[in-house]
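**Student:** Input: one structure, supplied below.
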Amino acid sequence: MNRTQYLLLAVVVCLCGLFLGCARSGSASGSIDPAKLKAFAPLPDVAPGKEPLTEEKVALGRMLYYDARLSRSQKISCNSCHALTQYGVDNEPTSDGHKGQKGTRNSPTVYNAALHFAQFWDGRAPNVEEQAKGPVTNPVEMAMKSGKQVIAVLKSMPEYVEAFQKAFPADKDPVTYDNMGKAIGAFERKLITPARWDKFLNGDQTALTAEEKAGFNTFVTSGCQMCHAGALLGGSMYQKIGVMKPWPETSDPGRSKVTGDDADKLMFKVPSLRNVEKTAPYFHNGQTATLKEAISMMADHQLGKTLSDADIQSIATWMKSLTGVIPADYIKPPELPKSTSTTPKPSETD
């Protein structure tokens, strides 16, 4: 072998070594230690609850979810603020309510919400059945004067009366406000969005890219899993905003508004990271526009860390694997019962 051939061979060997070294390095950064996955779990098919799920109850809940006649103006339904084709949100900082009034908190996604340990940012409802009753009579949101007014609307339509009878056959008078909440809750308990992350947790190593696996590693090594773990990656505890560094805006007292306990000031339910890529803007006041900004703020204010742009991008890349599949057939708007001559008309002035 002459000198020229030797040099060419050396270059080839060096380049191959460099390539293989990079590949090994990428593989290492893009692999996940199984021990890191112990704090996480795949989503179940249905969110369990006390109320038995039946096809009749779910069908009624679907109608109620889409029916704007449950609002005083007859223009606002559950789906107005929690649009099922938009990952269960309206992508607004705060939602428009009765006569254009704005709420004070961001409308969280309804997808997978039935799996949360409590409902609303401040946890004032224990489950989705109770949560469903709140906005209907909230004067800023759907603004019905009372549950009695809601029931009058529903009882004015024979098709609804029949649907309630099928859904709650053991009840002598099934058209009640509580049963309305139970039906909507039944529908919501099947609003589950499995994602590629679930496939990975179930053993499919190809479900995530090397970059996404590296992003999960960055997520864990940064300490994010201390609050964002489990099947929901959140939704299982309260946490104070501004643990390590004061939060920039503190006008909302958080859970203390419910409990009256000063120890609960600035405490909010930790949101789930499921579908987080699709549910901007972020946090309880909806004032954080981008996912990268949200990641940076969490690291800064909750963990006392300043993440590099590369680390923030890495975590955001992994979070895309949490974007689930919307159940298109399940959420198709149903045909609603027809109004009758006794169904109350829209009222914007009273």
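The values are calculated or read from the model by the stated rules, or taken from the named source; none is laboratory data. Here the structure is a predicted model, which means the values were calculated and not measured. When we count neighbours, we look across all protein chains shown, and the Cβ atoms used for this are built from the backbone with ideal geometry, even at glycine.
**Student:** Which ranges mark the helices (runs of 4 or more DSSP H) fully within region 168-274 that have 1 or more residues being modelled with pLDDT under 95, under 17 Å from the mean Cα position of the chain (by Cα) and within 21 Å of LEU307 (Cα to Cα)?
**Tutor:** Numbers: elements: 177-188, 196-201, 210-221, 256-259.
It comes to none.
**Student:** Hey, another quick one. Do we have LYS155 as surrounded by 15 or more Cβ atoms within 10 Å (Cβ to Cβ), among the basic types (Lys, Arg) and in the same structural domain as ASN79 (by TED's automatic domain parsing) here?
**Tutor:** It is true that LYS155 is surrounded by 15 or more Cβ atoms within 10 Å (Cβ to Cβ), among the basic types (Lys, Arg) and in the same structural domain as ASN79 (by TED's automatic domain parsing).
**Student:** In region 60-93, which residue that is part of a helix (DSSP H, G or I) and among the small types (Gly, Ala, Ser) is nearest to VAL153 (Cα to Cα)?
**Tutor:** Restricting to residues being part of a helix (DSSP H, G or I) and among the small types (Gly, Ala, Ser), the top hit is ALA68.
**Student:** Answer yes or no: is there a residue in region 262-273 that is in contact with a Leu (Cβ under 8 Å, 6 or more places away or on another chain) and of a type in the set (S, T, N, Q).
**Tutor:** The answer is yes, given that some residue of region 262-273 is in contact with a Leu (Cβ under 8 Å, 6 or more places away or on another chain) and of a type in the set (S, T, N, Q).
**Student:** So, in region 167-204, how many residues would count as being under 30 Å from LYS148 (Cα atoms) and out of contact with any Phe, Trp or Tyr (no Cβ under 7 Å at 6 or more places or on another chain)? Steps first, answer last, please.
**Tutor:** Our first condition is that a residue be under 30 Å from LYS148 (Cα atoms); within region 167-204, this holds for 167-191.
Applying the additional criterion that residues be out of contact with any Phe, Trp or Tyr (no Cβ under 7 Å at 6 or more places or on another chain) yields 167-173, 176-178, 180-183, 185-186, 188-189.
So the count comes out to 18.
**Student:** Now, a different point. What about ASP311, is it crowded, with 19+ Cβ neighbours inside 10 Å, more than 30 Å from ILE184 (Cα to Cα) and of a type in the set (D, E, K, R)?
**Tutor:** yes
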